[in-house]
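Remarks on the structure that follows.
The values are calculated or read from the model by the stated rules, or taken from the named source; none is laboratory data. Everything quoted here is computed from the prediction, not taken from an experiment. Cβ: placed from backbone, ideal geometry, glycine included. Neighbour counts: every protein chain shown. These accessible areas exclude ligands, DNA and RNA; they are computed on the full protein's heavy atoms, side chains included. Shrake-Rupley method; radii C 1.70, N 1.55, O 1.52, S 1.80 Å.
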Amino acid sequence: MKVLIVVGVTLVVLLVGTGVAAAVGVGVIGSWLEDLPDYSAEGAFDVMQPTEIYSADGVLLAKLFLQNRQVVELDKMSPWVAKATIAVEDERFYEHSGVDIPSVVRAAVTGYGGGSSITQQYVKQTVLNDEAFDITIRRKVREAFIAMEVERRYSKDEILEMYLNTIYYGDGAYGIEAASRNYFAKPSSELNIAEAATLAGIPQQPTNFNPYVDPEAVKRRRNHVLDRMLANDYITKDEYNAATSVELTYESMPIPGGGIYAAGYFVDAVKRILETEFDASIVFGGGLKVYTTLDSRMQAHAEDALLNALPNDGLAGALVSIEPANGYVRALVGGRNYEEEKFNLAIQASRQPGSSFKTFTLLSALKDGMSPNMPVDGRSPITIPLDGENDWEVSNAEGGSGGMTTLRSATAFSYNTAFALIINAIGAQKVVDMAHAAGIMTELRPYNSLTLGAQGVTVLEMASAYATLANSGVYNAPTFITKIEDRTGNPLYEYVPDPKQTIEPEVAYACTQILQNVVSSGTGTSARLGGRPVAGKTGTSENHRDVWFVGYTMDLATAVWVGYPQEREIRYFGSLAYGGTVCAPIFQRFMMGALEGFEWRDFPFFPAPPYDDSKYAGKLRSAAAIEAERRAKEEEEEEAERLRLEEEEAARRAAEEANRPRPQPQPQPQPEPDPEPEPDP
């Protein structure tokens, strides 16, 4: 059979070399070449290359790959790599035209080696990879024919470079760069003679010549490569003696799980986006360059602020920070440790936002004409009658009980009862519409309990929605990727901003002013930023299973969530958890670090929207308040009636007294006057 291979391959060489390749269209050999893959097509010889993901400031975040490979140029490799490879694999590489006939003949006669040139091996590993295990004359002839065509299209150095970046070196390392890092923990540019000879000897039998499995077999193979290098005058006798006497040690340059070097949960989000736009073969082998919005400095502050605040009792958290002006996701933490827990709590978990969702009720009320000073009942508990439904019992949590208050104060102190009355007055559908306008993508149901955050949303959604407020009501979709290039540097995608004014700027500004009170004097005082203008809202879900703080400056909008992945009551260092006591300090620590060096900027002013509090008259009082007022009025009326009756009675008595006949006075008898005495005579 080997004689037939020699004959067939030699015939192909003669036909191609004499320019009569068309003649192979007849006969047996011609039939073997009829269905060749299109080796002239663009990308026909492309090998799998990792997709590289970079932060906005140029930090390599991850390599996504099925084959661990890093393509490098020939002149970036140690010169000993090429010499060792040619010496052991194809010593007449620079002399033949793709097929080395003497090597083919030698292999057929001696039974040693396959006789394939470097070019043939490259063809076998790429365009004919599907036929790699087809050990037939047909496959050898096809391989030889394409190898000759490759030599017509590329220079020898180009072929050698492609080969060295393609060949498998065992232990999951594809290409010389990955092999150098895997076995010697260094780039291929730093390989010495002994190391280069070691690697050049592996591809013949990658499993058997694995330095970590059988170092003695590898040493013998290395010395054989050095023999061939000496025989071909690539090294001197002294260099040979020095290299064969070296006892090599092997060390791998660590590759983190999944090829992710930093910001695992952010990379996870980017990978999900890529997988919706490209086939998996492109994502994990297309050699894409993906440039993202992540700021590695801010990411470090996010991880520090969140992870250092969590006790070691299984409590988890997530943080997302977005630049409002463009929607760029600058930091994202989706859990404690991506290598240990892949579920991304920042983008996959739907958790109840608690009172942090009141912001959308506040926006709806302001837009509907309710002024910040509108009186509203904040006492707790209250009962709200609902048409056709059972009465709604509502109590306050974070802010206690406040009696009659205002919309502004009810927000600052997070009175559930006040906001229950407000959503009942304006209608739940308006709150649904406002949340969607701000950036909440989750489908919401128009129930009154929505104002208390009873329906789950993601941390990413909350950060995005609050970013719209920071941007004066202009929505920018959360953006992770700014640019994607193919393996040759050609652009495949470039982000184009698409801002939309989804909330009136005067409504957004009025809301921001009220949310600033939350931080300055309400439930969010732990989120203060040393005087920098900041607005935000705390949140605590029912039974203390989720706690939040979502806030913003002009430069960043950040959502912080803390809770157990399997929902249960949160005891934070022994005390019941609240958004203001757990998440607001995390927000503060992150923002203070992330905004270091940023100019202090106030929110741009807009005039107040038109207000008309009269249409809410009587609608923002609880049933208890109404009943108390009714009773007070009744008592007042009763007292007035009592006083009236008393006054009437007093008047009647006075009249009777005045009209009662008085007895006439009887004349008193007048005493007889004493007779005058007789004068004395």
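Residues with amide H under 5 Å of Y495's amide H, sequence separation 5 or more or different chain, H placed in the peptide plane at 1.01 Å from N; which?
For Y495, the qualifying residues are K483.
Which residues does a label at D35 reach in segment 121-161, if reach means a backbone N under 13 Å from a point 7 Å past the Cα toward the Cβ?
131, 139
Please list, in order, the residues from segment 158-173 whose amide nitrogen is less than 16 Å from a point placed 7 Å along the Cα→Cβ vector of I255.
What the label zone holds, given the 16 Å backbone N cut-off, is 165-173.
Highest mean first, what order results for 186-193, 544-551 on Cβ atoms within 10 Å?
For the peptides 186-193, 544-551, the packing ranking is 544-551, 186-193.
Can you tell me how much longer the chain between I135 and E649 gets when fully stretched, taken as 0.36 nm per residue apart minus their C-alpha distance, in nm with one decimal? Kindly include the intermediate steps, with their values, before the conclusion.
Working: separation 514, 0.36 × 514 = 185.04 nm, distance 12.58 nm.
Full extension of this stretch gives 172.5 nm more.
Would you please put 346-356, 460-470, 440-450 in order of how densely packed they are, using the mean number of other Cβ atoms within 10 angstrom per residue and starting with the highest?
In descending order of packing, they fall as 460-470, 346-356, 440-450.
Mind ranking 636-643, 173-180 by how tightly packed they are, going by the mean number of other C-beta atoms within 10 angstrom, highest first?
Values: 636-643: 10.0, 173-180: 26.6.
Packing proxy ranking, top to bottom: 173-180, 636-643.
Label D391 and K633 with points 7 Å out from Cα along Cα→Cβ: what is the distance between them in nm?
1.9 nm
Evaluate E = 1/(1 + (r/R0)^6) for D304 and E341, where r is the Cβ-Cβ distance and R0 equals 25 Å; express this FRET efficiency to the nearest 0.05.
On the way: r = 19 Å, r/R0 = 0.75.
Using R0 = 25 Å, I get an efficiency of 0.85.
Measure out, as a whole number of angstrom, how far apart the alpha-carbon centroids of segment 31-74 and segment 344-395 sit.
Cα centroid of segment 31-74 versus Cα centroid of segment 344-395: 53 Å apart.
Relative to the longest principal axis of the chain, what angle (0 to 90°, nearest 10) does the C-alpha long axis of helix 505-521 take?
In the chain, helix 505-521 runs at an angle near 80 degrees to the longest axis.
If you average the C-alpha positions of segment 290-317 and of segment 582-596 separately, how far apart do those two centres end up, in angstrom?
Segment 290-317 and segment 582-596 have Cα centres spaced 11 Å from each other.
FRET efficiency for S97 and E494, Cβ-Cβ distance as r, R0 = 56 Å, nearest 0.05? Provide the component values of the computation, followed by the final result.
Numbers: r = 43 Å, r/R0 = 0.77.
Efficiency at R0 = 56 Å is approximately 0.85.
Explain nothing, just compute: Karplus ³J(HN,Hα) = 6.51 cos²θ - 1.76 cosθ + 1.60, θ = phi - 60°, for every residue of segment 601-611 in order, whole Hz, x for Gly and Pro.
Karplus values, whole Hz, x for Gly and Pro: 10, 8, 6, x, 7, 9, x, 5, x, x, 10.
Which label marks the calculated value of Rg/Rh (Cα atoms, Kirkwood Rh), given the options (1) 1.04; (2) 1.37; (3) 0.95?
Looking at Rg/Rh (Cα atoms, Kirkwood Rh) for this model, the match is (2).
As a test of the formula, what do you get for the chain when each DSSP H run with n ≥ 4 contributes -39,500 (n - 2.57) and the sum is divided by the residue count, at 222 nm and rounded to the nearest 500 deg cm²/dmol?
One gets -12000 deg cm²/dmol as the mean residue ellipticity at 222 nm.
Is segment 508-612 best put as rounded, prolate or oblate by its Cα gyration tensor, with a ≥ b ≥ c the root eigenvalues, rounded for a/c under 1.5, and otherwise prolate when a/b is larger than b/c, oblate when not?
Numbers: a/c = 2.56, a/b = 1.54, b/c = 1.66.
Oblate, because a/c is 1.5 or more while a/b does not exceed b/c.
Taking Cα atoms, how many degrees apart are the long axis of helix 264-277 and the longest axis of the chain, rounded to 10 and kept between 0 and 90?
70 degrees
Calculate how steeply helix 156-166 sits against the longest principal axis of the alpha-carbon atoms of the chain, using the helix alpha-carbon long axis, and give the answer as 0 to 90 degrees to the nearest 10.
50 degrees
Measuring with a 1.4 Å probe in the full set of protein chains, what accessible area per residue, in whole Å², belongs to the chain? Mind showing how you got there, number by number?
On the way: 31590 Å² over 681 residues.
Normalised by residue count, the accessible surface of the chain is 46 Å².
Using 0.36 nm per residue of separation minus the Cα-Cα distance, give me the extension gain between E158 and Y564 in nm, one decimal.
Working: separation 406, 0.36 × 406 = 146.16 nm, distance 5.56 nm.
Full-extension gain reported as 140.6 nm.
Would you please give the residues with an amide H less than 5 Å from that of A316, counting only those at least 5 places away or on a separate chain, with H modeled from the backbone geometry?
Those lying under 5 Å, H to H, from A316 are G563, Y564.
Provide the gained length on full extension for the span Q501 to N659, in nm with one decimal, where the gain is 0.36 nm per separating residue minus the Cα-Cα distance. All intermediate terms of the calculation are to be shown ahead of the outcome.
On the way: separation 158, 0.36 × 158 = 56.88 nm, distance 8.29 nm.
Working it through step by step, the gained length comes to 48.6 nm.
Using the Karplus equation 6.51 cos²θ - 1.76 cosθ + 1.60 (θ = phi - 60°), what ³J(HN,Hα) coupling, rounded to whole Hz, does each residue of segment 456-463 give in order, writing x for Gly and Pro?
These are the phi-based 3J(HN,Hα) values: x, 9, 9, 5, 4, 4, 5, 4 Hz.
Which ³J(HN,Hα) values, rounded to whole Hz and listed in residue order, are derived for segment 407-423 from phi using the Karplus coefficients 6.51, -1.76 and 1.60 in 6.51 cos²θ - 1.76 cosθ + 1.60 with θ = phi - 60°, glycine and proline given as x?
4, 4, 5, 4, 6, 4, 9, 6, 7, 4, 4, 4, 6, 5, 5, 5, 5
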